[in-house]
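A quick write-up on the structure given underneath.
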Amino acid sequence: MIATTSTAPAIATTWASPAGATVGAAGRAPVTSGAATDALVQVRGVTFAYPDGTVALRSLDLSIPRGRKVVVLGANGCGKSTLFLHLGGVLRPKAGEIVLDGEVVRHDRAGLLRLRRTVGLVFQDPDSQLFASSVRQDISFGPLNLGWPEARVRTAVDDAIAATQIADLADRPAHLLSYGQKKRVAIAGVLAMDPQLIVADEPTAGLDPEATVRLVDLFDRLNAEGRTIVISTHDVELALAWADEVIVMREGEVIQTGLPTDVFQDMAVLRMARLHRPIVLETYAHLRHMGLVPEDAVPPRNAGELADLINCNCARIPED
Amino acid sequence: MNPFPIDAFAYGNRLRRVAPAEKILFASGLVALAIGFKSMVLSALIIAVVAAVLHVRAGITVRDFWGFLWLPAGFILVGVVPMAIEVVGPATPGVIGSIAVGPWTLGVTSRALAQASAILASSFGSVAGTLFLALTTPMVDLTDQLRRWRVPTLLVEMMILVYRFIFVLLETAAAMQVAQEVRLGYSSRERWLRSIGMLASNLYLRSQRRADLLFTALSCRGYTGDLRVLVDPSPWSPARVFGIVALLAALAAVGLGVAA
């Protein structure tokens with residue numbers, strides 16, 4: 001009953017994106033066409049199967065626009081991590097190609113180096129990424145591999161430590177860090193290589209609310225510097241509030257791409273991807289159904305926007 | 001909070017910032033003296049010196065040091081006691097005491113006793129010297145110093161990875177053991193044996209997987225076969241090095257005096 005109220009695609013045309021005017025038409029069109037003009041990364045028809053026969057990606061197409069915050073959603077086993085491993089150049093497509101900055105990625109030494117200069121991959125389990133006996137040394141590993149002179153490496157390490165706010169941990173070994181601290185160190189290790197694109201696999205999984213807020217804040221700051229951020233998560237509230245664009249995956253395919261407020265009102269897609277509608281939009285749908293917010297209202301992205309919407313509308317009630 | 005007390009002291013003691021080369025010099029000097037002289041008196045002195053230096057300079061109490069010193073006591077005694085005891089006959093010279101066990105007579109001769117006490121002395125003396133290094137110097141400083149000394153990279157990288165994965169493995173094993181425990185995996189002798197076997201084989205598989213994951217993650221950061229990291233220079237103090245050499249020389253003199 002409630003589901004039917006929000007599936008109409010017509011709503012989408014009226015509202016402005018909080019991310020600014022640039023989102024406009026490009027963000028609105030189905031990005032799966034791969035025709036977006038300023039795509040940092042394009043995945044074109046990538047198919048991948050693991051040695052045991054599991055097909056993880058089925059002719060997958062997607063495009064990551066430069067400078068945006070992208071959230072990849074989908075049930076466990078839908079191929080998110082496999083996709084990320086392709087973006088990091090760890091796995092090689094069985095078919096299809098990955099295009100970076102308009103140039104097809106070759107999986108030879110030079111091609112991978114180019115990819116890894118541009119794309120920083122943060123693994124879900126920070127323990128799989130940390131190896132050195134001190135945080136500072138671990139962070140210095142990536143920049144040294146880029147062949148930078150030592151002075152530049154030192155600056156990069158210091159900057160990454162400052163950006164991730166881990167100065168007090170710099171001399172510690174990994175086993176004396178908490179889980180949240182390890183996550184930040186893992187991000188710093190990637191950030192020190194100055195990547196244009198940071199890809200993080202479920203970065204907020206297992207973090208307490210406070211650490212989650214801090215991490216999202218960090219991603220916002222990195223994005224404000226002009227970096228493109230791609231994360232996967234199961235947290236639909238976070239995706240709605242934070243993403244410029246969400247990509248929904250199911251069984252190795254992208255089934256929907258678009259603005260979070262559009263995608264999260266597409267009940268058919270949510271059902272297919274085994275996702276649920278964020279509570280903010282659920283409430284919004286109820287309120288609209290009850291006639292408590294105007295039909296043409298911009299869908300809220302967080303509790304604050306929802307409250308504003310109710311507040312504005314209540315202010316109008318005495319007039320009626 | 002830290003379940004690894006030696007590591008906690010290594011990171012938190014007041015000699016942490018002293019150049020690792022100086023600490024390595026002091027510790028290896030002590031170990032060389034203990035092994036060289038094999039003297040009870042000298043080893044006792046070495047233990048006393050280490051205890052004093054740790055207490056006064058590093059802020060590690062004598063009590064803490066004493067606790068660590070006895071950690072390897074079991075191993076040392078297992079090695080030393082059989083050395084002192086041997087099968088003796090009526091013709092064996094210098095038998096101090098003996099006991100008949102079935103057809104054999106087990107006894108302690110003065111020669112064997114001297115040998116055992118020499119091993120005991122050099123063992124405890126070297127343990128004290130090694131503990132000084134372990135309690136004051138974190139692994140990262142040691143491996144850095146080895147890199148500065150141009151020790152083959154392979155060896156240093158192995159040390160780094162072994163060190164890192166000791167803790168990863170311990171944490172994994174502890175978690176698995178608790179998971180078995182709460183499902184009554186250790187409630188009887190047979191189950192204990194079964195559980196510990198499953199734990200060991202699982203741990204092996206997980207280590208393999210961990211190694212694969214690490215390789216993947218490092219590859220993403222440009223790994224091509226060298227675990228290069230930033231190593232800061234570590235200036236040493238000539239005055240302290242002089243002090244260390246003087247102290248070692250004084251101990252050597254005591255050793256020579258006892259031997260004479």
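The values are calculated or read from the model by the stated rules, or taken from the named source; none is laboratory data. Quick caveat: nothing in here was measured; it's all calculated off a predicted structure. With ideal geometry, Cβ positions are generated from the backbone for all residues, glycine too; neighbour counts draw on all protein chains shown. For the accessible areas, the whole protein counts, side chains as well, though only heavy atoms, and no ligand, DNA or RNA atoms are used. Shrake-Rupley method; radii C 1.70, N 1.55, O 1.52, S 1.80 Å.
Here is how the numbers come out for the structure above:
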| read-out | value |
| --- | --- |
| Angle between chain A longest axis and helix A:209-224 axis [Cα atoms, degrees, rounded to 10] | 80 |
| Highest-MSF residue in chain B out of B:Ala114, B:Ala246, B:Ala175 [GNM, Cα springs under 10 Å] | B:Ala175 |
| Segment A:104-173 and segment B:34-79: distance between their alpha carbon centers, rounded to Å | 41 |
| Segment B:143-229, relative contact order [Cα under 8 Å, separation at least 6], % | 21 |
| Residue mean of other protein chain beta carbons inside 10 Å, A:168-174 | 3 |
| Tensor-based shape of segment A:216-293 (alpha-carbon gyration tensor, a/c under 1.5 rounded, otherwise prolate or oblate) | oblate |
| 0 to 90° range, to nearest 10: angle between helix A:109-118 axis and chain A longest Cα axis | 50 |
| Value at 222 nm in deg cm²/dmol, rounded to 500, when DSSP H runs of n ≥ 4 in the protein assembly as shown each add -39,500 (n - 2.57) | -16500 deg cm²/dmol |
| Percent antiparallel among DSSP beta bridges (both partners in the protein assembly as shown, rounded to 5) | 65 |
| Segment B:126-181: trypsin sites (Lys or Arg not before Pro) in DSSP loop, at most 13 other beta carbons within 10 Å | B:Arg150 |
| Radius 11 Å from Cβ of A:Phe48, net charge of other residues (Lys, Arg +1; Asp, Glu -1) | +3 |
| Evaluated at q = 0.16 Å⁻¹: base-10 log I(q)/I(0), Debye formula over Cα of segment B:36-117 | -0.75 |
| Given 15 as the ceiling on other Cβ atoms within 10 Å, longest exposed-site-free region of chain A for GluC sites (Glu not before Pro) in DSSP loops | A:1-224 |
| Relative contact order (%) - criterion: Cα under 8 Å, at least six apart; region: segment B:1-142 | 42 |
| 3J(HN,Hα) from dihedral phi, segment A:299-309, Karplus parametrisation 6.51/-1.76/1.60, rounded to Hz, x for glycine, proline | x, x, 10, 8, 4, x, 5, 5, 4, 4, 4 |
| Estimated dipole of segment B:143-229 in Debye, rounded to 20 [Cβ of Lys and Arg +1, of Asp and Glu -1, Cα centre] | 20 |
| Square roots of five times the Cα gyration tensor eigenvalues for segment B:143-229, Å | 35, 15, 9 |
| With eigenvalues of the C-alpha gyration tensor scaled by 5 and rooted, the protein assembly as shown, Å | 63, 27, 23 |
| Segment A:135-209: mean projected area of Cα convex hull, nm² | 5.2 |
| Number of partner chain Cβ atoms within 10 Å, mean per residue of A:82-95 | 1 |
| Phi to ³J(HN,Hα) by Karplus 6.51 cos²θ - 1.76 cosθ + 1.60 over segment A:38-52, Hz, x for Gly, Pro | 10, 8, 6, 10, 10, 9, 10, x, 7, 10, 8, 10, 6, x, 7 |
| Cross-link reach list, lysines versus A:Lys182, counting only Cα pairs under 25 Å and skipping chain neighbours closer than eight places | A:Lys69, A:Lys80 |
| Fraction of antiparallel bridges per DSSP, chain A only, in percent to nearest 5 | 55 |
| Candidates per trypsin sites (Lys or Arg not before Pro) in segment A:206-284, loop by DSSP, up to 15 other Cβ within 10 Å | A:Arg274 |
| Along each principal axis, Cα extent of segment A:260-312, largest first, Å | 34, 20, 15 |
| Average partner coverage of A:138-149, which counts Cβ from other chains inside 10 Å | 4 |
| Solvent-accessible surface ranking, highest first, for B:Thr92, A:Thr233 at 1.4 angstrom | B:Thr92, A:Thr233 |
| Contact order normalised by residue count of chain B, Cα under 8 Å, 6+ apart, percent | 30 |
| Spherically averaged projected area in nm², based on the convex hull that wraps the Cα atoms of segment B:97-159 | 7.8 |
| Chain A shape via C-alpha gyration tensor axes, a/c threshold 1.5 | prolate |
| Rounded, prolate or oblate (a/c below 1.5 giving rounded, otherwise prolate when a/b exceeds b/c) for chain B by Cα gyration tensor | oblate |
